[in-house]
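Notes follow once the structure below has been shown.
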Amino acid sequence: MWGGGKLGSSGGWFLRVLGPGGRNTKAARHLISSAVYVKNQLSWILQIKPRVFNEYRTMWFKSYRTTFSCLNRIKSFRYRWARLYSTSQTTVDSGEVKTFLALAHKWWDEQGIYAPLHSMNDLRVPFIRDNLLKTIPNHQPGKPLFGMKILDVGCGGGLLTEPLGRLGASVIGIDPVDENIKTAQCHKSFDPVLDKRIEYRVCSLEEIVEETAETFDAVVASEVVEHVIDLETFLQCCCQVLKPSGSLFITTINKTQLSYALGIVFSEQIAGIVPKGTHTWEKFVSPETLESILESNGLSVQTVVGMLYNPFSGYWHWSENTSLNYAAHAVKSGVQEHPMSAEFAFKGETEELQANARTNPAVHEELKK
Amino acid sequence: MAARLVSRCGVVGAAAYSSPLVSCRRWSGASTDPVYDVVVSGGGLVGAAMACALGYDIHFHDKKILLLEAGPKKVLEKLSETYSNRVSSISPGSATLLSSFGAWDHICNMRYRAFRRMQVWDACSEALIMFDKDNLDDMGYIVENDVIMHALTKQLEAVSDQVTVLYRSKAIRYTWPCPFPMADSSPWVHITLGDGSTFQTKLLIGADGHNSGVRQAAGIQNVSWNYDQSAVVATLHLSEATENNVAWQRFLPSGPIALLPWSDADHTDFIDTAGAMLQYAVGLLKPTKVSARQLPPSVARVDAKSRVLFPLGLGHAAEYVRPRVALIGDAAHRVHPLAGQGVNMGFGDISSLAHHLSTAAFNGKDLGSMSHLTGYETERQRHNTALLAATDLLKRLYSTSAAPLVLLRTWGLQATNAVSPLKEQIMAFASK
């Protein structure tokens, strides 16, 4: 399942960090170990990753992976904290909701804590715009995305929603945190043009899947998939709301040793680029995992490209290397699917789909519920 | 970068309490004043050209632009027989900008003069420098300011659905948005006109000359001093008809004298006796092997009632941009006319700012965001500061007749004349 992952399947590796002295007063000695259980139709995956950071300024990092019932023996110097698993069908993680609630008013400060997200627009907006322009035969000057309906999942304060609205698209932004939507709503209300083109709702993706099936030309899930609980369901819902040949745009963080070192340790704990507790390494998604889930849902991945953030200049750059952040663009197959209903179990359907030469044979897996 | 921007916001806050032109009010809820995407304050050569450049930009197709001009609309019914004595020397780069929105065609249909050579020499010595273009390109164009304004006005009328021009409108108050995003306060700049009408805008461009109201209201520091000199401009008639396409300049201790070509038959030249003038740093190609020293034409008489005097000074704004504000043209920099670069630097600002705004609009960015405004500022400050410093240095260098300095500048001039790649570089820099 985690084929191609950068981590070894067993054993661990040492990362020794000798920090500067005199930091005893700082209460930044985190000791996190978490167990995340993800349930899906196919398998149980149990991961336990203890991380120890003791006051002798050395850190051992070990990762273990077990599947099914093998529990790993965990070595730790301090306490262990196990996260409760979720068996509900929602993809929204309430812990994440709490984290973002505390920062709901800070979205629009371009030099504040969300500055990296503001400057990420320089990459992600052209990425979305150019890939969508390929599908529009003649676009209007000044409003290149006019006529496109876009869904921004996990829109936060509307940082990405507003540029897409300015480019002429009709955008619906959804977010489970109501304070975020309030901030976004307030911010767009000052601009009469944006006010008409953008609509915000407080909800999760699953809640609107029924009513908005196959209505969007594009779905954007930027910096979201590393915060959801059930990635499979989430991506399935993304696919369901897309029109045939619609585009799905995802930006997220890869799950590698480098992303742990730079994305969690450096960014959150040392440099403070990202607020502490924003990310959890277990939830990072590697491009290979993402691709396999997308393919199994009938989306074909067109592009995967790496993004690199320079904390000194504050700018993002495209990169060949996807081991930290990356962006992916996938297109739903153009097969006309049935109007969305929760169970598709019947044979007639699967045979019809299999008969179509362009259908991915694995797509029938998603029809089971 | 973050630290520099924070300090900028701090200064705005401080300036809000010191300048009478400014207030920082909180607006609760969305105001009903019309919201413009860009407001250009000042409808002179540079302001009108900026409005044109944005109005004709493809990515600004659905944006609303407002141009505020304090004076009346100038309509040039037909070209006057006599030439106006307010002219500008337009570099090839500026001509390219003007042709990008179709104004240059109008100018060509009216009246202009191209020149191909420039000869400069020192009064205290025989040092001489000659700028010449081998290929048939023009070094620059002399165009009357009225003609340029007329061409720009015509082009603005053609895009009147996007660009609104308000004449006889002077802004009396600017209200800046709060530096930190507040939930219920308007993030736009509010402008109040003399007649009481108010507008909101996402980006305010100040093109209102060297006593810029926008710059003062924003509290941007301006480094400036007056030269102890004024310029006198007049129209001259030459005694004999010559092929009038050479610009002449001679440095005198009291100030340089320049003759700029106007027409063949009834030559109209402009004398500019301002302080030590830096010769146009207009790049030239290699001089011909036989670069005979041409004698300047002799002057027959001065056109009656054509003499004008205007004071000279130098000015440079410490910052060209603030959140939702940008300065272009003389509002940002005021230069001695000896190099003929004043309006060309302004047109250069327009090219740069229009390019940055166009890219920002195509990326769906908020037009008043500092991220692209600082890109414009960096690009232009580098170019303008160099030119301003060089102009000022030359002015001071050529306004003395002390022997060591005369010797120094003589050698410098002759050396520069001999080194053609250097002349080419100078020409290229000033032609932009």
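List of remarks:
- Residue in region B:190-212 that is charged (D, E, K, R) and free of Cβ contacts under 8 Å to residues at least 40 places away in the same chain present: yes
- A:E162 vs. criteria of a type in the set (D, E, K, R) and open to solvent by less than 40 Å² (accessible area, probe 1.4 Å): yes
Each row is one residue, and each column tells you yes or no for (1) touching a strand residue (DSSP E or B) at 6+ places or on another chain (Cβ under 9 Å); (2) open to solvent by 40 Å² or more (accessible area, probe 1.4 Å); (3) of a type in the set (G, A, S).
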| residue | (1), (2), (3) |
| --- | --- |
| A:V193 | yes, yes, no |
| A:C203 | yes, no, no |
| A:E210 | no, yes, no |
| A:E214 | yes, yes, no |
| A:V225 | yes, no, no |
| A:L231 | yes, no, no |
| A:Q236 | no, no, no |
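- Residue-level analysis places A:S313 among those that are open to solvent by 30 Å² or more (accessible area, probe 1.4 Å), more than 23 Å from A:T256 (Cβ to Cβ) and free of Cβ contacts under 8 Å to residues at least 40 places away in the same chain.
- Given (1) more than 17 Å from A:V225 (Cα to Cα); (2) among the hydroxyl-bearing types (S, T, Y); (3) open to solvent by 40 Å² or more (accessible area, probe 1.4 Å), number of the condition A:S292 does not satisfy: (1)
- Scanning region B:195-231 for residues that are open to solvent by less than 10 Å² (accessible area, probe 1.4 Å), part of a strand (DSSP E or B) and either of a type in the set (S, T, N, Q) or on the phi > 0 side of the Ramachandran plot (or both) yields B:Q200, B:T201.
- Checked against (1) of a type in the set (D, E, K, R); (2) more than 28 Å from B:A49 (Cβ to Cβ); (3) modelled with pLDDT under 65, B:D272 passes all but a single condition, namely (2).
- Among the residues of region B:355-387, those identified as away from chain A (no Cβ under 14 Å) and open to solvent by 10 Å² or more (accessible area, probe 1.4 Å) are B:H355, B:E379, B:R380, B:Q381, B:R382, B:H383, B:T385, B:A386.
- Every condition in (1) part of a strand (DSSP E or B); (2) open to solvent by 40 Å² or more (accessible area, probe 1.4 Å); (3) under 27 Å from A:Y309 (Cα atoms) holds for A:G272 except the one numbered (1).
- The set of residues in region A:165-182 being within 12 Å of chain B (Cβ to nearest Cβ) and open to solvent by 30 Å² or more (accessible area, probe 1.4 Å) consists of A:R166, A:E179, A:K182.
- Residue match in region A:316-326 (condition: surrounded by fewer than 17 Cβ atoms within 10 Å (Cβ to Cβ), within 14 Å of chain B (Cβ to nearest Cβ) and closer than 27 Å to B:M370 by Cβ): no
- Some residue of region B:65-81 being in contact with a Leu (Cβ under 9 Å, 6 or more places away or on another chain), within 14 Å of chain A (Cβ to nearest Cβ) and within 30 Å of B:F362 (Cα to Cα): yes
- Pair list, Cβ under 8 Å, 6 or more apart: region A:102-117 residue within 10 Å of chain B (Cβ to nearest Cβ), other residue among the acidic types (D, E): A:H105/A:E179; A:A115/A:D109
- Taken over region A:130-159, the residue count meeting the criterion of being within 19 Å of the chain's Cα centre (by Cα) and either open to solvent by 20 Å² or more (accessible area, probe 1.4 Å) or within 11 Å of chain B (Cβ to nearest Cβ) (or both) is 3.
- Residue that is modelled with pLDDT under 85, loosely packed, with under 15 Cβ neighbours inside 10 Å and touching a Lys or Arg at 6+ places or on another chain (Cβ under 8 Å), where the choices are B:D138, B:D122, B:D134: B:D134
- Evaluation of B:W176 against (1) open to solvent by 20 Å² or more (accessible area, probe 1.4 Å); (2) farther than 30 Å from B:S420 by Cα; (3) not small (G, A, S) (one fails), failing number: (1)
- Considering each residue of region B:234-241 in turn, at least one proves to be out of contact with any Asp or Glu (no Cβ under 6 Å at 6 or more places or on another chain), hydrophobic (A, V, I, L, M, F, W, C), farther than 24 Å from B:A332 by Cβ and buried (at least 16 other Cβ atoms within 10 Å of the Cβ).
- B:S352 vs. criteria modelled with pLDDT of 90 or more and either surrounded by fewer than 23 Cβ atoms within 10 Å (Cβ to Cβ) or outside any loop (DSSP other than H, G, I, E, B) (or both): yes
- Selected residue (only one of B:L413, B:L408 is touching a strand residue (DSSP E or B) at 6+ places or on another chain (Cβ under 6 Å), in a helix (DSSP H, G or I) and aliphatic (A, V, I, L, M)): B:L413
- If you go through region B:393-405 and keep only what is open to solvent by 20 Å² or more (accessible area, probe 1.4 Å) and in a helix (DSSP H, G or I), you end up with B:L393, B:L394, B:R396, B:L397, B:A403, B:P404, B:L405.
The values are calculated or read from the model by the stated rules, or taken from the named source; none is laboratory data. Remember, predicted model here, so these are calculated numbers, not experimental data. Cβ atoms come from the backbone with ideal geometry, glycine included; neighbour counts cover every protein chain shown. Calculation scope for accessible area: heavy atoms of the full protein, side chains included, ligands and nucleic acids excluded. Shrake-Rupley method; radii C 1.70, N 1.55, O 1.52, S 1.80 Å.
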